[in-house]
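The values are calculated or read from the model by the stated rules, or taken from the named source; none is laboratory data. Everything numeric in this text was worked out from a predicted model, so none of it was measured. With ideal geometry, Cβ positions are generated from the backbone for all residues, glycine too; neighbour counts draw on all protein chains shown. With ligands, DNA and RNA removed, areas are computed over all heavy atoms of the protein, side chains included. Shrake-Rupley method; radii C 1.70, N 1.55, O 1.52, S 1.80 Å.
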Amino acid sequence: MENFNFYSPTFFAFGKNRESDCGDLVKRFGGSKVLIHYGGGSVVRSGLLDRVKASLDKSEIAYVELGGVKPNPRSGLVYEGIKLCKEENVDFVLAVGGGSTIDSSKAIAAGVLYDGDFWDFYQGKLITEALPVGTILTIAAAGSEGSPDSVITNEDGMIKRGATGDAIRPKFSILNPELTETLPAYQTACGITDIIAHLYERYLTNTKDVEVTDRLIEGLILTMKTEGPKVMKNLQDYEARANIMWAGMVAHNNIVGVGRSQDWTSHDIEHELSALYDCAHGAGLAVTMPAVFTYNMSHDVMRFAQIAVRVWGCEMDEEHPEKTAMKGIEALRSFLISIGMPKNFAELGAKEEDIEKLAYTCCYGKGNGSGKVGGFVSLMQKDVEAIYRLML
């Protein structure tokens with residue numbers, strides 16, 4: 001196990017009706033004027049936005065609003081939010097929505113206190129200062145409610161990239177599983193897939209002797225394996241949604257990733273798909289993960305065989321562990337298809353003729369000119385092209 005620092009100060013308020021506490025929590029963490037940032041009409045139609053405003057009013061917290069966040073959140077709205085916060089002297093950003101809204105809120109919070117272009121942070125600059133952020137989560141998926149990370153799509157070139165820094169970890173996050181019960185089955189399944197991806201990205205490591213975090217990751221994937229089908233069968237299953245919601249946070253606040261190298265190849269490769277085709281991130285990951293794992297399996301067959309046995313119930317073939325490893329990858333693929341996820345390029349709306357462009361942008365579009373992606377296996381453009389072809 002490697003040396004590590006871990007700092008996760010977010011205050012979590014979990015359970016039914018906890019959104020009514022948001023005014024008190026904003027005040028507790030020093031906010032006096034809030035930007036309420038949200039996405040589409042569901043937050044309005046459900047009455048959640050009105051409940052949030054009522055709580056802020058009760059706590060005598062002033063606020064301004066900025067809606068319009070889209071999936072794969074865009075840079076244009078971030079610039080608009082930064083400008084609005086500066087004009088209105090906002091000192092706290094409250095995200096009401098899913099991962100896209102939270103990521104957009106984090107970008108705004110960082111940009112308000114930065115003299116340059118906020119996109120600098122998405123080109124590798126560490127975020128060290130930001131307005132405080134709070135969240136009210138409406139979809140279990142991205143884990144942004146507990147993480148120091150944010151992903152934004154730059155509309156200049158439609159490049160999707162991430163930024164990080166403990167300064168953008170939320171000060172508080174309100175997690176009410178009831179708020180996820182109105183999600184359609186497809187969005188619910190996309191969230192489950194994203195959570196599983198966050199766990200695999202950490203499981204695929206070159207660090208030895210990390211049994212504690214291996215077991216934590218395996219337990220969380222097993223939770224998705226059991227609770228996922230329950231909620232797909234009954235979208236109003238509160239207990240299943242509660243387990244999935246908490247697992248989504250734990251999967252990505254990095255408690256299961258400390259002391260070990262991590263991968264993130266599937267995310268890097270998928271980001272090109274959701275940036276170019278605007279597909280749901282979880283759906284893109286459902287197609288990407290099995291292809292990446294198949295391509296990289298020979299790098300450490302026993303790592304893939306281990307999760308195949310411990311999570312997917314495969315029997316270990318001692319003479320041919322690669323067969324066990326492949327059975328685990330196929331079990332993952334089958335599970336994702338069973339909850340309604342796409343299985344190939346065509347079902348994502350992706351095009352074979354774009355593969356060279358996708359691979360080039362993945363390897364060279366980060367502004368660092370490295371030409372490589374991957375933490376588990378270092379991949380060049382030709383490798384990424386081959387992985388995209390496995391998705392056909």
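Here are some notes:
- The shape of segment 1-147 comes out rounded: with a ≥ b ≥ c from the C-alpha gyration tensor, a/c is under 1.5.
- Summed side-chain charge close to residue 62 - residues other than residue 62 whose Cβ falls under 14 Å, Lys, Arg +1, Asp, Glu -1: -2
- Average Cα contact separation per residue, segment 250-375, under 8 Å, 6 or more apart, as relative contact order %: 29
- Three-way shape call for segment 201-358 based on the alpha-carbon gyration tensor, with the a/c threshold at 1.5: rounded
- With the helix formula -39500 (n - 2.57) applied to DSSP H stretches of n ≥ 4, the chain reaches a computed 222 nm mean residue ellipticity of -15000 deg cm²/dmol.
- Taking all protein chains as shown and a probe of 1.4 angstrom, residue 74 keeps an accessible surface of around 40 Å².
- Mean separation of Cα contacts under 8 Å (6+ apart) over length of the chain, as relative contact order %: 15
- Cut-off 9 Å between beta-carbons: net charge of the residues surrounding residue 133, Lys and Arg +1, Asp and Glu -1: +3
- Here's the picture: charge each Lys and Arg Cβ at +1 and each Asp and Glu Cβ at -1 in segment 267-391, and of 283, 305, 388 the one pushed furthest to the positive end of that dipole is 283.
- Relative to the Cα centre, the charge distribution of the chain, modelled as +1 at Lys and Arg Cβ and -1 at Asp and Glu Cβ, gives a dipole magnitude of about 520 debye.
- Whichever lysines have a C-alpha closer than 24 Å to that of residue 125, once near sequence neighbours (fewer than 8 apart) are set aside: 83, 86, 106, 160, 171, 366, 372
- Tilt relative to the chain, helix 185-203 - C-alpha long axis, 0 to 90 degrees, to 10: 70
- With all protein chains in place and a 1.4 Å probe, the accessible surface of segment 174-213 carries 57 percent carbon and sulfur.
- Prolate/oblate/rounded label for segment 88-146 (Cα gyration tensor, a/c 1.5): oblate
- Surface composition of segment 227-380: carbon plus sulfur atoms contribute 50% of the solvent-accessible area (1.4 Å probe, protein chains only, all chains present).
- Within the chain, percent of DSSP bridges classed antiparallel, to nearest 5: 25
- Surface per residue (accessible, 1.4 Å probe) for the chain, Å²: 40
- Fraction of accessible area attributable to carbon and sulfur, segment 1-68 (%, probe 1.4 Å): 46
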